[in-house]
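J.: This is the structure, below, for whatever I ask next.
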């Protein structure tokens, strides 16, 4: 009896406070397939603690439902707005905590690493990344929202 190898399932995360993108990609040999993707949204008017709680809860549900083997998360890259960078950093910290609590291995990637791995050019545009994600995953259209496309890109880089 032949034993078939279980596909590798990777969760990619593009952290943000208003929108945290997520993408689940399955890898089986040379084949990769988008299982699901989207974003976890939190309302700007809510207290920070409530927004972070929503993010944690939704990420736990995604992990419990899809049972990824590993997780990739994008590192922060901000040069201008310190307030935004702090909020994204808090969301990223919550995401990493949820992943650690699920005992999943995590790989952190910089935007430069993702761009270089997918397009071969570290200064690739957002549209170039989105087009490559669409092509590699054989999707009918570019994944929306943008945060989900970025999360799928991270998952692809981790799973390859």
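Read the figures in this text as sums done on the coordinates, not as results from a lab. Owing to the predicted nature of the structure, the values given are computational and were not obtained by experimental measurement. Quick reminder, even Gly has a Cβ in these numbers, built from the backbone with ideal geometry, and neighbours come from all protein chains shown.
J.: Compute the distance in nm between two label points, each set 7 Å from the Cα along the Cα-to-Cβ direction, one at residue 48 and one at residue 135.
T.: Modelled inter-label distance: 4.2 nm.
J.: Roughly what % of DSSP beta bridges within the chain run antiparallel, to the nearest 5?
T.: On the way: 17 of 25 bridges.
Percent antiparallel among DSSP bridges in the chain is about 70.
J.: Order by neighbour count: 69, 150, fewest other Cβ atoms within 10 Å first, most last.
T.: 69, 150
J.: In degrees, nearest 10, range 0 to 90: what is the angle between the Cα axis of helix 48-66 and the longest Cα principal axis of the chain?
T.: 10 degrees
J.: Also, I was wondering about something else. Just to confirm the number: angle between the C-alpha axis of helix 82-101 and the first principal axis of the chain, 0 to 90 degrees, nearest 10?
T.: The angle comes out near 50 degrees.
J.: By count of other Cβ within 10 Å, fewest leading, how are 140, 19 ordered?
T.: Exposure proxy ranking, most exposed first: 140, 19.
J.: Helix 126-136: angle to the longest alpha-carbon principal axis of the chain, degrees 0 to 90, nearest 10?
T.: 30 degrees
J.: Which of the peptides 21-33, 111-123 is most tightly packed, and how do the rest follow, judged by the mean count of other Cβ atoms within 10 Å per residue? List each step's numbers first, then the result.
T.: Numbers: 21-33: 18.7, 111-123: 16.2.
Ranking, from highest mean packing down: 21-33, 111-123.
J.: Report the full-extension gain for the segment residue 108 to residue 67: residue separation times 0.36 nm, less the Cα-Cα distance, to one decimal in nm.
T.: Extending this stretch completely gives an extra 12.9 nm.
J.: How do the peptides 9-16, 55-62 rank, highest first, by the average count of neighbouring beta carbon atoms within 10 Å per residue?
T.: Values: 9-16: 27.0, 55-62: 17.2.
Highest to lowest by the protection proxy: 9-16, 55-62.
J.: According to the square roots a ≥ b ≥ c of the eigenvalues of the Cα gyration tensor, what is the shape class of the chain, taking rounded for a/c under 1.5, prolate for a/b larger than b/c otherwise, and oblate for the remainder?
T.: oblate
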